[in-house]
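Please read the structure below before turning to the comments.
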Ligand code: AMP
Ligand code: FE
Ligand code: FE
Ligand code: ZN
């Protein structure tokens, strides 16, 4: 049966493969459709779209936006956004500004901790991509300050234990959902496990609030979701009549255990992609 991957990253953000290489890997992995969902940017979409067309792979433009949240991580995926829409351009400009303010703070904290690192090195590491903590982690590994990317996050970069952590200005979920819809897309809650809700009731409330703000779908299959999470999210999708999506969250070599097309041991059914496409078509 045909399957798809609706969540992955390229060198436009913190992935290690170019958009063309991700598309080629999708074809080689036997996928029939792909959505590229780089963090805070649509910089890889045009290249991926052209490569997908040339190789006969169905392709959906996407983006993954980090939203504000008191604890845990809230990422909203935007599927089918129009890359040329002025609202999208303005949104990505704001997101980039948030990163450009934060990244030097992390670097300064690292320097205070005795780590030899400069923004120029981080920029060189990112090679024009939207700069994320994984680029900083890669430098820490290369210079021998830590043994692995995971160790770099645990010791320096994570929001809970990282000694050099600095947060960035984020969009509220309300802003992100509204901007994605204005730009022609459908907003989907990514990897709900990462919200780190205290219990199921709290998770339900967060999802309900997002639904009230215009959420269209929820990521059921993801590399971090085990069988019990899949069951939990399936139930929420039914309760709030949300589209179901899924993806690996492939990043290439910065997350070596994750393979494109494999969402925590699950294959994402083609039907998820078809339903998403149908919902996008019926909006216009
Ligand atoms: P940023 O967008 O710059 O805040 O960086 C967030 C990205 O870092 C996430 O999307 C992941 O790709 C990566 N990341 C976050 N936490 C970890 C971790 N503990 N280990 C490895 N990568 C992580
Ligand atoms: Fe990432
Ligand atoms: Fe994410
Ligand atoms: Zn992601």
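Values in this text are rule-based calculations from the coordinates and carry no lab data. Given the structure is predicted, the values throughout are model-derived calculations rather than measurements. Cβ atoms come from the backbone with ideal geometry, glycine included; neighbour counts cover every protein chain shown.
Descriptive notes on the structure:
- Overall dimensions of the chain by Cα: Rg and Dmax, Å: 18.1, 56
- Counting DSSP beta bridges with both ends in the chain, the antiparallel % (nearest 5): 45
- Cα-only radius of gyration and Dmax that characterise region 123-277, units Å: 17.3, 49
- Taking the convex hull of the alpha carbon positions in region 45-86 and averaging its projected area over all directions gives 3.9 nm².
- What the Cβ-Cβ distance of residue 198 and residue 282 gives, at R0 = 41 Å and to the nearest 0.05, is a FRET efficiency of 0.65.
- Taking label positions 7 Å along the Cα-Cβ direction at both residue 68 and residue 231, the computed distance is 3.7 nm, reported to one decimal.
- Translational diffusion of region 1-149, estimated by Stokes-Einstein from the Kirkwood radius over alpha carbon pairs at 10 °C in a medium of 1.306 mPa s, is 96 µm² per second.
- nm² value of the averaged projected area, convex hull over the Cα atoms of region 242-284: 3.8
- 10 Å-binned pair-distance histogram of region 90-134 (Cα, whole percent): 26, 54, 18, 2
- Fewest-first sequence of 153, 250 by Cβ atoms within 10 Å of each Cβ: 153, 250
- Sites residue 97 and residue 127 - FRET efficiency at Förster radius 22 Å, r taken between beta-carbons, to 0.05: 0.60
- Relative contact order for the chain, counting Cα pairs under 8 Å that sit 6 or more residues apart, in percent: 23
- Pairwise FRET efficiency - residue 118 versus residue 147, Cβ, R0 = 25 Å, nearest 0.05: 0.65
- Legend: P(r) of region 1-88 from all alpha carbon pair distances, 5 Å bins from 0, whole percents, reading 3, 15, 26, 24, 16, 9, 5, 2, 0.
- Computed from the alpha carbon atoms alone, the convex hull of region 190-238 holds 71 Å³ per residue.
- Ranked 60, 17, criterion: other C-beta atoms within 10 Å, fewest first: 17, 60
- Cα-derived Rg to Rh of region 122-200, Kirkwood definition: 1.07
- Where the alpha-carbon atoms of region 57-214 are placed on the principal axes, they occupy 47, 40, 32 Å, in descending order.
- Rg over Rh [alpha-carbon atoms, Kirkwood Rh] for region 150-190: 1.22
- Sorted by Cβ density within 10 Å, fewest first, the residues 66, 32: 32, 66
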